[in-house]
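Below is one structure, written out as structure tokens; comments come after it.
Taken together, the values in this text are just the output of simple stated rules run on the coordinates, not laboratory data. A quick note: this is a predicted structure, and the numbers were derived from the prediction, not measured. When we count neighbours, we look across all protein chains shown, and the Cβ atoms used for this are built from the backbone with ideal geometry, even at glycine.
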Amino acid sequence: MMLAILIESARPRQWIKNLLVYAGFLFTFGRVPTGWAFLKATEGFIAFCLLSSAAYLLNDLCDSGNDARHPTKKHRPIASGRLSEKAAAVAAVICLVWGLAIAVWLGPLFASLAALYAVVTIAYNVALKHTVLIDVMAVSAGYVIRAFAGAVAIDVPASFWLAFCTLLLALFLSLCKRRAEMTVLQEAAGDHRAILNHYTVPLLDQMISVVTASALMAYALYTYHTPTTDAVTARWSFREHMLTATIPFVVYGIYRYLYLVYTRDLGGAPEVLFLKDRPLLLNVILWGIVSAAAVYIGRSIGVG
């Protein structure tokens, strides 16, 4: 019983965000030994799952009072009283130490990024989430660190475009989450999360609009500046830029997400939305398959 409650508090559904660790593996598919790279990326994924669970336990400890007044978060183990604060604190420390131990196993650079992620998440839970704009930027930084760490785990360089696209996508999800919280909680939003008193729906709509356009443009540029063969020329050719075939999936995914946010007031829990909305989930799967195929086929052509 206690183990089940601890697992619930660790929020395994949130681990979907740690799939970003596989980004480096996906965009270098066929360039490094596949089995070895997948194993290293998986070890990195496990490390970040443990670190993120430690962060969620800390978050619930800090927000237990506000969560108890929230219509859905009041059912969380700590807020509902099913899990003591002492047990949650011990579990958070265990997850943190275990995650960092795996990170050290993967090398000093990966360990440094894992430690940076831990520092950022702790700082967010203690202070940064109470500062307007810095709150969403801190959350987005965690996504970027995951993407970089995934590349480091398999010993491949992480490009500027990967970091930039990840940052914009993270800002997009964070802003949509803030908007969903405000529309669902309405007048009580500020009582649950004080930082929401500094946001307005029109302001969030404007920022979401800017980030959406920027993310689409950045991803399009990323696919162009990431040749899928070893040849680099000044002219565009589909053979050398097969990743451009993934652009329609990104456009649909972002528009589908916006549709769910604006017509169904969803977006407060991105991890749930990606798993439960079948069109969105199918789109992400197809994007992953086409991306891997584009990189693999493109590099095979380049070698040939």
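How high is the FRET efficiency between Tyr262 and Ile16 when r is their beta carbon distance and R₀ equals 30 Å, given to the nearest 0.05?
Result of the calculation: an efficiency of 0.85.
For the residues Glu85, Glu271, what sequence is obtained by ranking on other C-beta atoms within 10 Å, fewest first?
Lowest to highest Cβ neighbour count: Glu85, Glu271.
State the extension gain, in nm to one decimal, for the chain segment bounded by Leu281 and Met137, taking 0.36 nm per residue of separation less the distance between their alpha-carbons.
Extending this stretch completely gives an extra 49.3 nm.
Rounded to the nearest Å, what's the spacing between the alpha carbon centres of region 268-289 and region 119-141? Just the number, please.
After rounding, the separation between the Cα centres reads 26 Å.
By how many nm would the segment from Met2 to Ile247 lengthen if fully extended, with 0.36 nm per residue of separation less the alpha-carbon distance?
In short, 83.7 nm is gained.
Is the shape of the chain best called rounded, prolate or oblate, per the rule: a/c under 1.5 gives rounded, else a/b larger than b/c gives prolate, else oblate, with a ≥ b ≥ c the square roots of the Cα gyration tensor eigenvalues?
Oblate, because a/c is 1.5 or more while a/b does not exceed b/c.
Measure off 7 Å from each Cα along the Cα-to-Cβ vector at Ala127 and Lys86, then give the distance between these two points in nanometres to one decimal.
3.0 nm
Which helices count as membrane-span-like in the chain under these terms: full DSSP H, at least 24 Å along the axis by C-alpha, Kyte-Doolittle mean of 0.0 or more?
The qualifying helices are 34-67, 85-105, 108-126, 134-153, 160-185, 201-224, 247-264, 278-303.
So which lysines pass the test for Lys74, namely a Cα distance under 19 Å, with those fewer than 8 places away in the same chain ruled out?
Partners within reach: Lys86, Lys177.
Calculate for the chain the 222 nm mean residue ellipticity that helices alone would give, adding -39,500 (n - 2.57) per DSSP H run of length 4 or more and normalising by residue count, nearest 500 deg cm²/dmol.
Rounded to the nearest 500, the figure is -23500 deg cm²/dmol.
Please list the non-local residues whose amide H lies under 5 Å from the amide H of Leu266, H modeled 1.01 Å from N, same-chain partners needing a gap of 5 or more.
Val261
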